[in-house]
């Protein structure tokens, strides 16, 4: 937004400078040099950004100017004023968009904060249940634990084994089906295709 504002400032400065030059050239071509205060007024009005005043002052003595030159100057000034208006409109639109974006970001952050609480709570509860289940299978006979774990999905078994003691995991794995034991071992190692 600051870059756009700075660009707009430069365009406005250039427009004012161009209007000032046009006003001075018009005054000189229209033989207004006999009236130095008018030249000074034209230049100061254009330099202060008062393009309307500069335009009025350049029309001081239209009869002394060439009609074609006056027409070209009016067209140039109209284009500069149109460009300035378009830039003002764009800047206002950008301000509105920026305000909307800031509001959306605030809403998203609020929503994120609201969702983080339940998600953290759910993770904590899930971790507690997993710890409890790991304790249950650790205290079981390895043959019985292997028979039950053989029927569970590999993700759950891998997560359970990752928090159990290695000696207990080894005893249970030894009693599981060789294919499933191999896949789970690969996942525990982290080198398998199914590893998370």
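The values are calculated or read from the model by the stated rules, or taken from the named source; none is laboratory data. Here the structure is a predicted model, which means the values were calculated and not measured. Using ideal geometry, Cβ is built from the backbone for each residue, glycine included, and neighbour counts are taken over all protein chains shown.
When restricted to residues that are surrounded by fewer than 11 Cβ atoms within 10 Å (Cβ to Cβ) and part of a loop (DSSP other than H, G, I, E, B), the range 114-164 contains 2. The set of residues in the range 139-177 being touching a residue at least 12 places away in the same chain (Cβ under 8 Å) and farther than 19 Å from residue 187 by Cβ consists of 142, 143, 147. On inspection, residue 150 does not qualify as assigned by TED's automatic domain parsing to the domain that holds residue 14 and either under 30 Å from residue 10 (Cβ atoms) or in contact with a helix residue (DSSP H, G or I) (Cβ under 9 Å, 6 or more places away or on another chain) (or both).
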